[in-house]
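K.L.:
Mind looking over this structure? Questions follow.
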Amino acid sequence: MNIEHPENNPQYIGLNVNKGIVQPPVINPYLAERKKRRDYTPAEYTEEIRKGNITILSQAVTLLESQKTEHQTIAQEVIEKCLPFSGNSVRIGITGVPGAGKSTSIDAFGMHLIHERNRKLAVLAIDPSSERSKGSILGDKTRMEELSRDVRAFIRPSPSAGSLGGVARKTRETIILCEAAGFDTVFVETVGVGQSETAVHSMVDFFLLIQLAGTGDELQGIKRGIMEMADGIIVNKADGNNVEKAQLAAAQYRNALHLFPLPLSGWTPNVMTYSGYYQLGISEIWDMVDEYIAFTRKNGYFEQRRNYQAKYWMYESINEQLKNHFYQSPVIEKELFAKETQVLHSEISSFAAAKQMLDIYFKE
């Protein structure tokens, strides 16, 4: 819109201001010409996923992560249709303390599996979300430079968004979609040592723990809970002047494993050293993983573990749905604030308030 400048009034002698050019629109007009992405039916999603269409696979995962009811309905139908084509991959959980080199190691592991063992790899990385902003950087993909450029790899970071149970369930469902798309190896990377390990352990066939050497007291890395879950322990950064420290740390971890009971699989976890950055010892690690898979398939533990996991996630889903239904109830929303106020003013105990809220919910 052209605006006349007051300086152009005849009373201002010697002043002259041009109207200037018409301002271009803020939104790129060429975007409007692009075709709007059409909505696919669950059958079409399944068909494209089965063809290995990575774009459609990504869109299906986005539907899974959506909070919208209509998206969840479509996503669940896609999962049901993909389920008969799933279960044919080896699922590997990878964890370790922050800075242990998980992303660098996954990059090296992935390239080895793709180019040396002719595998097709999906990497599902659970990225921690800020407790304040609820946002995530989702930067894992940037640290997997070679793998992110390979057409035989699919990398999908997902925000934990403060709800570990929710994102863990979505990750398990994403595994089904990736297997239906033809990926024969799936990595699930955790946010770091903590509660997430239990959730990831309940959806993988082999749980790999990455440790570091030379960071102080090595016994700090020997935590009973995480060590008992590990099927294999690898000490990273075994290169240069750090080789001896890595070997010493590995010896300490081996000694610690003798204090724990033998796992239900009957497999004695191996402890190995390697360098993710210099790609040393990578082949030996995957020989160990393949040996474990063959060992557990032979003694029946592989199938037993998968059956247990399927049952575990059925109950987890029930618990999550009950929790969501409780908080979404209009009656509960109305009463919750009043009970919370009573608790804060010490008029009623937290436990009594919770019981009263549940009584209201079950009478509804």
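The values are calculated or read from the model by the stated rules, or taken from the named source; none is laboratory data. On a predicted model such as this, the values are computed, not experimentally measured, just so you know. Please note: Cβ atoms are built from the backbone with ideal geometry, for glycine as well, and neighbour counts cover all protein chains shown.
K.L.:
Taking the stated definitions as given, is residue 316 farther than 30 Å from residue 251 by Cα, of a type outside the set (A, V, I, L, M) and either at pLDDT 90 or above or surrounded by 14 or more Cβ atoms within 10 Å (Cβ to Cβ) (or both)? Before the answer, list the steps.
P.N.:
Values: farther than 30 Å from residue 251 by Cα: yes; of a type outside the set (A, V, I, L, M): yes; either at pLDDT 90 or above or surrounded by 14 or more Cβ atoms within 10 Å (Cβ to Cβ) (or both): yes.
Considered against the rule, which asks whether it is farther than 30 Å from residue 251 by Cα, of a type outside the set (A, V, I, L, M) and either at pLDDT 90 or above or surrounded by 14 or more Cβ atoms within 10 Å (Cβ to Cβ) (or both), residue 316 comes out as yes.
Residue-wise test of (1) closer than 30 Å to residue 269 by Cα; (2) among the charged types (D, E, K, R).
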{"residue": "305", "(1), (2)": "yes, yes"}
{"residue": "309", "(1), (2)": "yes, no"}
{"residue": "317", "(1), (2)": "no, no"}
{"residue": "322", "(1), (2)": "no, no"}
{"residue": "330", "(1), (2)": "no, no"}
{"residue": "335", "(1), (2)": "no, yes"}
{"residue": "338", "(1), (2)": "no, no"}
{"residue": "363", "(1), (2)": "no, yes"}
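K.L.:
Are there any helices (runs of 4 or more DSSP H) wholly within region 1-114 with 2 or more residues that are touching a helix residue (DSSP H, G or I) at 6+ places or on another chain (Cβ under 6 Å) and modelled with pLDDT of 75 or more, and if so which? Spell out how you get there, then give the answer.
P.N.:
Values: elements: 29-33, 42-50, 54-65, 69-82.
Helices (runs of 4 or more DSSP H) meeting the threshold: 42-50, 54-65, 69-82.
K.L.:
Given the criteria part of a helix (DSSP H, G or I), in contact (Cβ under 8 Å) with a residue 12 or more places away in the chain and within 30 Å of residue 93 (Cα to Cα), does residue 340 qualify?
P.N.:
Numbers: part of a helix (DSSP H, G or I): yes; in contact (Cβ under 8 Å) with a residue 12 or more places away in the chain: yes; within 30 Å of residue 93 (Cα to Cα): no.
Against the criterion (part of a helix (DSSP H, G or I), in contact (Cβ under 8 Å) with a residue 12 or more places away in the chain and within 30 Å of residue 93 (Cα to Cα)), residue 340 does not qualify.
K.L.:
Checking the structure you have, find out if any residue of region 191-199 is modelled with pLDDT of 85 or more and crowded, with 18+ Cβ neighbours inside 10 Å.
P.N.:
no
K.L.:
Take the residues of region 115-133 that are at pLDDT 90 or above and either under 26 Å from residue 65 (Cα atoms) or not charged (D, E, K, R) (or both): which is surrounded by the fewest Cβ atoms within 10 Å (Cβ to Cβ)?
P.N.:
If we filter region 115-133 for residues that are at pLDDT 90 or above, which is where we start, we get 115-124.
Subsequent filtering for residues that are either under 26 Å from residue 65 (Cα atoms) or not charged (D, E, K, R) (or both) retains 115, 118, 120-124.
On the way: 115: 12, 118: 9, 120: 20, 121: 25, 122: 27, 123: 28, 124: 25.
Ranking the qualifying residues of region 115-133, first place goes to 118.
K.L.:
Among the residues of region 224-262, how many are touching a Phe, Trp or Tyr at 6+ places or on another chain (Cβ under 9 Å) and not β-branched (Val, Ile, Thr)?
P.N.:
Matching residues across region 224-262 total 13.
K.L.:
Something else now. Scan region 312-337 residue by residue and report those that are within 20 Å of residue 69 (Cα to Cα), in contact (Cβ under 8 Å) with a residue 12 or more places away in the chain and of a type in the set (Ser, Thr, Tyr).
P.N.:
Scanning region 312-337 gives 317, 329.
Here's the yes/no breakdown for (1) in contact with a Cys (Cβ under 7 Å, 6 or more places away or on another chain); (2) outside the structural domain of residue 115 (by TED's automatic domain parsing); (3) farther than 16 Å from residue 93 by Cβ; (4) of a type outside the set (S, T, N, Q):
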{"residue": "235", "(1), (2), (3), (4)": "no, no, yes, yes"}
{"residue": "240", "(1), (2), (3), (4)": "no, no, yes, yes"}
{"residue": "263", "(1), (2), (3), (4)": "no, no, no, yes"}
{"residue": "274", "(1), (2), (3), (4)": "no, no, yes, yes"}
{"residue": "279", "(1), (2), (3), (4)": "no, no, yes, no"}
{"residue": "291", "(1), (2), (3), (4)": "no, no, yes, yes"}
{"residue": "306", "(1), (2), (3), (4)": "no, yes, no, yes"}
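K.L.:
Since residue 273 meets every condition but one in (1) at negative phi; (2) at pLDDT below 90; (3) not acidic (Asp, Glu), which condition does it not meet?
P.N.:
(2)
K.L.:
List the number of the failed condition for residue 330; all other conditions in (1) touching a helix residue (DSSP H, G or I) at 6+ places or on another chain (Cβ under 8 Å); (2) of a type outside the set (Lys, Arg); (3) loosely packed, with under 11 Cβ neighbours inside 10 Å hold.
P.N.:
(1)
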